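Rule-based calculations on the coordinates, nothing more; no lab input. Bear in mind that the values here come from a model prediction, so they are computed numbers and not experimental data. Counting neighbours? That spans all protein chains shown, and the Cβs are built from the backbone with ideal geometry, glycine included.
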Amino acid sequence: MAGGGDPLRALLRAANALLQQRRYRAALAVLKGFRNGAVYGAKVRAPHALVMTFLFKSGSLREKLKAIAQATYTHSRNLAYFVFTYKGLMALQSRLQGKKIPFHSFFAACIGGWLVFGDNNPINSQIIMYLLSRILFGLSRLAVEKGYIPQPKQDPFPLVAALIWGTVLWLFEYHRHTLQPSLQSSMTYLYDDSNTWHDISDFLIYNKRTDQ
């Protein structure tokens, strides 16, 4: 019985030895990137899908759990595929040109974005909008650092916050169809549902009466 673990230990030693081989480092980094993309995508999407599904979606428990699992799988898969594609193309370009240059990152990410996130579905749409907001902030900071725009004398964040909230509520009230569905659901709950009640039950305890 004691010898039964020897093959497993030998296999683990061989795997660990392989992981230390420098010649395979680029390929192994691509594989670990795939793993990290899958794990991170699931960790980010699962709690979000759980909350949004039970707050705003109707249907049986089975249907809700299926929707949560599908959203989590899609996010996890897409992020894993993207990281795999990006790191693979980065390694390939570096090998072909003998060095790493800034364009490699942009090109590899463009190809990965086109192939993996090019399908216009709710999951991809949320991810792209999340990235867009970060990009706008990042490019603004970079423009200041490079001297393309002057350093603001006062913190511009209050003005940015005012304009963003003013714009999004204007769109919600008068051009609602232009907003992403999950944002519409959130704003409907906050601003429309709060206009309706019948008694204390759906004024304070519940959002809507259960007998409707």
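Observations on the model:
- Efficiency of FRET from Cβ geometry, residue 77 and residue 14, R₀ 30 Å, rounded to 0.05: 0.50
- Its Cα gyration tensor gives segment 79-212 an equivalent ellipsoid; the semi-axes, largest first and in whole Å, are 42, 24, 11.
- Anchor residue 208: aspartates and glutamates whose Cα lies under 18 Å away (excluding residues fewer than 8 positions away in-chain): 192, 193, 199
- Evaluated at q = 0.15, 0.19, 0.20 Å⁻¹, the base-10 log of the normalised Debye intensity for segment 129-201, with identical point scatterers placed on the Cα atoms, takes the values -0.71, -0.92, -0.97.
- Nearest-ten-degree value, helix 122-145 long axis tilted from longest Cα axis of the chain: 80 degrees
- Lysines with Cα under 23 Å of residue 100, excluding same-chain neighbours fewer than 8 positions away: 32, 87, 146
- Global form of segment 1-136, assessed from the alpha-carbon gyration tensor, a/c cut-off 1.5: oblate
- The slack between residue 35 and residue 100, meaning 0.36 nm per residue of separation minus the straight C-alpha distance, is 21.1 nm.
- Whole-Hz ³J(HN,Hα) from phi, Karplus 6.51 cos²θ - 1.76 cosθ + 1.60, for segment 57-69, glycine and proline x: 9, 9, x, 6, 4, 4, 5, 5, 5, 5, 5, 5, 5
- Taken about its Cα centre, the chain carries a charge dipole of roughly 1580 debye when the Cβ of each Lys and Arg holds +1 and the Cβ of each Asp and Glu holds -1.
- FRET efficiency, 1/(1 + (r/R0)^6) with R0 22 Å, evaluated for residue 170 and residue 58 via beta carbons: 0.15
- Working note: Karplus 6.51/-1.76/1.60 with θ = phi - 60° gives segment 199-209 the couplings 7, 5, 5, 9, 9, 10, 8, 10, 6, 9, 5 Hz, where Gly and Pro are set to x.
- Inter-site label distance for residue 133 and residue 109 at 7 Å from Cα along Cβ, in nm: 1.8 nm
- Charge dipole (the chain, unit charges on Cβ, about Cα centre) - positive-most of 180, 116, 67: 116
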